[in-house]
Amino acid sequence: MTVEELMAFAAWTHECEAELSPALALAAAEAAVQLFDPRFALTYGELLRRGDREWVPAQRQRAAAYLQLDMPDQALAALGDISQPELDALDVEEYAQVVAARAKVMMGLPEHADNVPSLLDEARERLLGGMGAERPSWPEPAAVAANRVALSAFEYRAFMGEYAELIPDLEAAADPALNPDTGYRMHAAILLMTALVLTGREMDALGLMRQLGGQISDASHVVGLREQYTKESYTVLLLAGQWRRCLDFLGPQSTDEPYRLPYGTASSELGAGIAYVFSGRGAAALDLLISAGAQLELQPVQTALRYTYAATALAYAQTGNAPQARKYLGKLQRVRAASGFADDSIIRFCALTAGRWLNDADSVARLKESARRNLAAGLYTLAGVELLAATVNGSDADFRLLEDIAGRRQGPLAEVSRLIALGSRTKDAKTLLAGGELAATLELDAVEARCMALAVDFARQDGDSISARTAQARLDILATTVANLPIVPSSGSPLLTSRERQIARLAGRGASNRDIALEMGVSVRTVEGHLYQVFTKLGVTSRGDLTGLV
């Protein structure tokens, strides 16, 4: 049975008041955790009784469900109910699973997180301490158990943000020639994907993501692999500037791509909303984020509510609604939950970028500070994305640093950053036009608008009417998706009004001022006034120049 079929069967049996066997109750709880249905998992996990052979594994599933509900204390208590004699009686593989579950819970509790390394050291000593040089080889149970503990150590280091230092170990663990243990190897490869994208190797991360995507179905027996791949792949796509592919990833499931997220849930709405705000399309994000927030406020799930509030604040800031943006930033401050480094970085980025959009100088300073900290840690993608957001009104030194960071990264988003840095520093409109065109291929509307607004000013200062006209026309088109520009050209209003656009289109098609006046029901003098504004804004000198611009 698939996990979905298993859950349906268990629910039907339970509703009929028939007794579920311990094995079936455990399987149903495990399936519910995989499908992110924590309350279902708790219902079936609690059917197990102490003394059942499946009771300890059921406690692990209960702990996982409590974690999904953002209840780490209850998760730790569920694992704490397993007594020392019960732990001592476990086979090595189940013992390693309990240790891994405990480590994962402890990471989310600041008062316990520092104790994770000693917990894992103790587990290694129990599993391998008395073996000397004669270490077990896979698929011996002790080797499988040791790999699970090693994977927990990787997860802990990733949680703490040690991605740059972790890459060599993950590359070795993900090497099929060195590790025949499929579950261990692929989980390590998934962590490697995230490490690569954070450290500036965006294209390498995308290549590894595609490679693993073709292997997921063959490893469907590995519990939790599909779900972890989905989550980390989303992060990779988001940070690589591939927000449109994030939306594709969140689409309906198909038999060809079974690892996609379930369609229409709060998680997919949240994921789509975050993707839209990363593109600069706050208006498109709001309905999705508000719907996700309404569901998550009733049933908080892990760090999802923090994601929702941060992204919603940024969406409102992008639309120019400062009161609502500040309201959601306030909500975010009131939610206390521990997050892993990657999650926390994205949440913080959304919140600080919302503040920057609201012209908050402290948010700008904190973005720059975070960028320098991530640069020192070798996390070049994070540093570059943060500095790009912070330098809407940057200094020469800021742009030189942004250019330097871009040179340490891969892919089109890095090149966009380089062009913005170079064009802003040298006041070169053509360089900024090139950056805007590249941003347009990624559909990064706010970034493109930034490039075009600067290009308008620099081109007009240089007397380059063609570049000014091109950039102004792009700004006019972007008005439909970017309601609140990150930068407004100092030379005047960047966008045509709806009346100006209508008149410009008629004039561009050859209509006379009198014909336009009759069609629109205004005076000829009014038409002349509007056309004067259109010519000024678009940097054109004749009606013929309007063709194709509006």
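The values are calculated or read from the model by the stated rules, or taken from the named source; none is laboratory data. Every value quoted in this text rests on a predicted model; they were computed, and no experiment measured them. Note: ideal-geometry Cβ built from the backbone for every residue, glycine included; neighbour counts use all protein chains shown.
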From the set of residues in the range 524-548 that are of a type outside the set (Lys, Arg), at pLDDT 80 or above and farther than 19 Å from GLY463 by Cα, which is farthest from the chain's Cα centre (by Cα)?
VAL524
Just one of the numbered conditions (1) without any contact (Cβ under 8 Å) to a residue 24 or more places away in the chain; (2) closer than 25 Å to PHE278 by Cα is not true of LEU485; which one?
(1)
MET452 fails exactly one of (1) closer than 21 Å to GLN318 by Cα; (2) surrounded by fewer than 24 Cβ atoms within 10 Å (Cβ to Cβ), namely (2)
Looking for something within 18 Å of the chain's Cα centre (by Cα) and either modelled with pLDDT of 95 or more or on the phi > 0 side of the Ramachandran plot (or both) - is there at least one such residue anywhere in the range 162-180?
yes
Is the range 85-105 home to any residue that is assigned to a helix (DSSP H, G or I), aliphatic (A, V, I, L, M) and loosely packed, with under 13 Cβ neighbours inside 10 Å?
yes
Please find, among GLN242, GLN295, the residue that is crowded, with 22+ Cβ neighbours inside 10 Å and at pLDDT 85 or above.
GLN242
From the options ARG460, ARG418, residue that is in a helix (DSSP H, G or I) and without any contact (Cβ under 8 Å) to a residue 60 or more places away in the chain:
ARG418
Residue within the range 496-508 that is charged (D, E, K, R) and either touching a Pro at 6+ places or on another chain (Cβ under 6 Å) or not in a helix (DSSP H, G or I) (or both) present
no
Can you find a residue in the range 162-171 that is assigned to a loop (DSSP other than H, G, I, E, B) and either aliphatic (A, V, I, L, M) or outside the structural domain of VAL33 (by TED's automatic domain parsing) (or both)?
yes
Go through (1) within 24 Å of GLN68 (Cβ to Cβ); (2) among the charged types (D, E, K, R); (3) without any contact (Cβ under 8 Å) to a residue 24 or more places away in the chain for GLU227 and report which single condition fails.
(3)
Condition (residue is buried (at least 18 other Cβ atoms within 10 Å of the Cβ), in contact (Cβ under 8 Å) with a residue 60 or more places away in the chain and among the hydrophobic types (A, V, I, L, M, F, W, C)) applied to the range 317-335: is it met by at least one residue?
yes
